[in-house]
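Undergrad: Just passing along the structure, written as structure tokens.
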Amino acid sequence: MELKEILAVSGTPGLYRYVAQGKGGIIVESLADGRRTMVGGTTKVSALGDIAIFTTSSEVPLGDLFQTIYDRQGGQSVAVTSKSSPDELRTFISSVLPDYDTERVHQSDIKKIAQWYNLLIAAGMTRFTADEAPAESGEPTTEAPKSAKTTKTGTKAAPKSSATQRTPKVSGAKTASVKNTTARKAQ
């Protein structure tokens with residue numbers, strides 16, 4: 001499970017994992033209880049991999065912040081909750097991100113960070129940053145044949161051999177002649 005697959009849905013508590021694209025929106029699964037639900041196309045949905053926290057010099061991706069918290073907490077959940085005092089919230093965020101922007105990072109943001117981190121830890125997530133791309137070795141890469149199809153995961157699937165391809169069934173019954181719709185109405 002990667003951070004880019006985890007979604008925050010506006011107006012609903014908790015975090016969700018992207019499952020599939022539906023007819024009227026997307027299908028998501030709650031990390032807390034595993035229930036699947038449909039999120040409409042007009043609902044604001046944010047991937048945690050796209051969120052960053054303001055600092056005085058730049059922005060820090062949320063995954064990097066979660067990894068820092070994970071390393072400092074030893075893989076345990078944080079004690080900060082939504083009922084924590086403002087002083088406790090500021091102490092928590094300054095301990096993991098000392099140069100956070102105090103004017104643009106609000107208490108509600110710090111509460112969300114702590115809540116989301118605890119939900120991800122409870123769901124069994126231990127790695128929050130994306131692995132770096134492998135270093136180029138100068139060797140040419142091999143590519144899949146041009147006739148291969150791209151799957152949903154972006155990998156190439158081998159083309160099917162002609163022996164395994166399905167052929168359409170042919171029935172002996174005659175097909176009905178197709179008449180024009182306006183001709184049917186006139187009859």
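Undergrad: Given the criteria out of contact with any helix residue (DSSP H, G or I) (no Cβ under 7 Å at 6 or more places or on another chain), over 18 Å from THR126 (Cβ atoms), acidic (Asp, Glu) and loosely packed, with under 13 Cβ neighbours inside 10 Å, does ASP99 qualify?
TA: Considered against the rule, which asks whether it is out of contact with any helix residue (DSSP H, G or I) (no Cβ under 7 Å at 6 or more places or on another chain), over 18 Å from THR126 (Cβ atoms), acidic (Asp, Glu) and loosely packed, with under 13 Cβ neighbours inside 10 Å, ASP99 comes out as yes.
Undergrad: Test each condition in (1) in a strand (DSSP E or B); (2) under 27 Å from ASP101 (Cα atoms) for ARG17 and report the one that comes out false.
TA: (2)
Undergrad: One residue is enough: does region 52-66 have a residue meeting the conditions part of a loop (DSSP other than H, G, I, E, B) and within 15 Å of the chain's Cα centre (by Cα)?
TA: No, that holds for no residue.
Undergrad: Considering each residue of region 21-35, count those that are open to solvent by 50 Å² or more (accessible area, probe 1.4 Å), outside any loop (DSSP other than H, G, I, E, B) and within 30 Å of LEU97 (Cα to Cα), and give that number.
TA: Number of matching residues: 0.
Undergrad: Restricting to region 36-51, and then to whatever is aliphatic (A, V, I, L, M) and more than 9 Å from the chain's Cα centre (by Cα), can you tell me which residue is surrounded by the most Cβ atoms within 10 Å (Cβ to Cβ)?
TA: So the residue we want is VAL39.
Undergrad: Being of a type in the set (D, E, K, R), out of contact with any His (no Cβ under 7 Å at 6 or more places or on another chain) and modelled with pLDDT under 90 is true for just one of LYS83, LYS44, LYS23. Which residue is that?
TA: LYS23
Undergrad: Take region 69-93 and flag every residue that is under 25 Å from ALA122 (Cα atoms), assigned to a helix (DSSP H, G or I) and either open to solvent by 50 Å² or more (accessible area, probe 1.4 Å) or out of contact with any strand residue (DSSP E or B) (no Cβ under 9 Å at 6 or more places or on another chain) (or both).
TA: Matches in region 69-93: ILE69, TYR70, ASP71, ARG72, GLN73, PRO86, GLU88, LEU89, ARG90, THR91, PHE92.
The values are calculated or read from the model by the stated rules, or taken from the named source; none is laboratory data. Not measured: the values here are computed from a predicted model. So basically every Cβ, Gly included, is an ideal-geometry build from the backbone, and we count neighbours across all protein chains shown. To get the accessible areas, we keep the full protein, side chains included, count just its heavy atoms, and leave off ligands, DNA and RNA. Shrake-Rupley method; radii C 1.70, N 1.55, O 1.52, S 1.80 Å.
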